[in-house]
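Note sheet for the following structure.
What follows is calculated from the coordinates using simple rules that are stated; it is not laboratory data. Bear in mind the structure is a predicted one, so any value in this text is a computation, not a measurement. Don't worry about glycine lacking a Cβ; one is built from the backbone with ideal geometry, like all the others, and counts go over all protein chains shown.
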Amino acid sequence: MLVVMKREATAEQIAHVIAAVAAQGLTPHPLPGATRTAIGMTGNTQAVEQSLFELLPGVAEAIRVTKPYKLTGREMQPHDTVVTMKQGIVGPKTFTLIAGPCSVESEATMHETAEHLLSRGIRFLRAGAFKPRTSPYAFQGMGLKGLKILANVKKATGIGIVTELMDVEHAEALEEMTDIIQIGARNMQNFSLLKRVGKCRKPVLLKRGLSATLEEWLMAAEYIMAGGNYDVILCERGVRTFSDHSRNTLDLSVIPPAKALCHLPIFVDPSHGTGKRAYVPAMSLAALGAGADGLMIEAHPDPDHAASDGAQTMDFTALDKLLETLRIMAPLLGRTL
Ligand code: PEP
Ligand code: MN
């Protein structure tokens, strides 16, 4: 249910509705709008009686939300979410790049990458310290040492950090040093992890699961928002199909329906989406054209010697070339890069 307040509703009346929601054992979610405030509620397993709220002072109407995803859906919030961070905003009219190696490697590599990105105006460095690898014998990431390297690079350069959280036990350490918490494709439906990041005070980049439908993906985002963390960025990274010409099938066709149903920003990861660095530029431009709000790209000073995912990782020359084209294309589509 969504309780829409009158334009002239006072702060006391809004607080009164919030208390009335809590009194029903439900969780209130105040949603301030440009002209009026709405209060969403979650936690009910059965229909909530509309008249409980409609008669309260300052209330314009109480609306039933028909979709199973309440907080992520446009029924509850028609306008696009803008995620605001120190490094800038993510959302409509902008096109944000996140780039960097698949894994955290040496401090020198991470510094070199951060310096390059910043010199090109890219404000977010990605790299995993905890890696979800198919094989238990493959490099599993540097773990806490990797987080320390990322923290050092951030301190020295000011670059924003995006890194993956794989286990609840590392949530605190990771939340403290990162700017965006990444939830990987394999953990899209790890509900304990989703609930935990719902309590974090950092934006979450939620990758789409390997075979997740749009609704399953939005419901995963719903878990995070239901916990009180409204800064969620979706990230399409390719799904599993019969096609074997690429590592995954980058499903850009999910962007228009995702945008129609949901107000959250959506990124595209063309590196995992294709698995081959030669295909990353074309799919990056296609993502921009399809309405994505940004890209997450794997880039490394020497991709052939990267600790993981080298085949899909761009070197800096290729990244620069792509960036040049994006800078021409983005403004034509009403976005600043
Ligand atoms: C990654 O970003 O390095 C990663 C492991 O991505 P995904 O979860 O999409 O496979
Ligand atoms: Mn990777």
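Before moving on, here are some points about what is shown:
- Between D302 and H79, the FRET efficiency from the beta-carbon distance, with R0 = 51 Å, is close to 0.70.
- Residue-count net charge about I180 - beta-carbon cut-off 9 Å; Lys, Arg +1, Asp, Glu -1: 0
- Sequence-separation-based contact order of the chain, relative, with Cα cut under 8 Å and 6+ spacing, percent: 16 percent
- Principal-axis analysis of the Cα atoms of the chain puts helix 144-157 at an angle of about 90° to the longest axis.
- Here the sum of -39500 (n - 2.57) over DSSP H runs of 4 or more residues, divided by the residues of the chain, equals -10000 deg cm²/dmol at 222 nm, to the nearest 500.
- The chain: angle of helix 316-332 to the longest principal axis, Cα-based, in degrees nearest 10: 40 degrees
- Max mean-square fluctuation residue, GNM over the chain, Cα-Cα springs under 10 Å, options P136, P303, P281: P136
- Lys/Arg +1, Asp/Glu -1 at C-beta; the chain dipole; positive extreme among N190, T42, A151: T42
- The spacing between segment 127-156 and segment 1-19, judged by their C-alpha centroids, is 45 Å.
- Going from the fewest other Cβ atoms within 10 Å to the most, the residues S135, S284 appear in the order S135, S284.
- Mean separation of Cα contacts under 8 Å, 6 or more apart, over the residue count of segment 2-63: relative contact order %: 48 percent
- Candidates S271, S192, S103, ranked by Gaussian network fluctuation over the chain, Cα under 10 Å, top entry: S192
- Extreme residue, positive dipole direction of segment 231-337, given options P256, G294, Q312 (C-beta unit charges): P256
- Dipole moment magnitude, nearest 20 debye, segment 131-286 about Cα centre, only Lys, Arg, Asp, Glu C-beta charged: 460 debye
- Nearest-0.05 FRET efficiency for T134 and A286, computed from C-beta distance (R0 41 Å): 0.95
- Flagged links, alpha-carbon separation over 28 Å, of K6/K70; K202/K259; K70/K155; K145/K202; K195/K276; K6/K195: K70/K155; K195/K276; K6/K195
- Cα long-axis angle, helix 214-226 against the chain (0 to 90 degrees, to the nearest 10): 70 degrees
- Exposure proxy order (Cβ contacts within 10 Å, fewest to most) of D244, D167: D244, D167
- Look at the dipole of the chain built from charges on Cβ: of Y137, A212, H16, the Cα furthest out on the positive end belongs to H16.
- From the alpha carbon centroid of segment 291-323 to that of segment 59-126 is 18 Å.
- Most fluctuating residue given options F53, F139, F242, as computed from a GNM of the chain linking Cα atoms under 10 Å: F242
- About its Cα centre, the chain has a charge dipole of approximately 240 debye under the convention of +1 per Lys or Arg Cβ and -1 per Asp or Glu Cβ, with nothing else charged.
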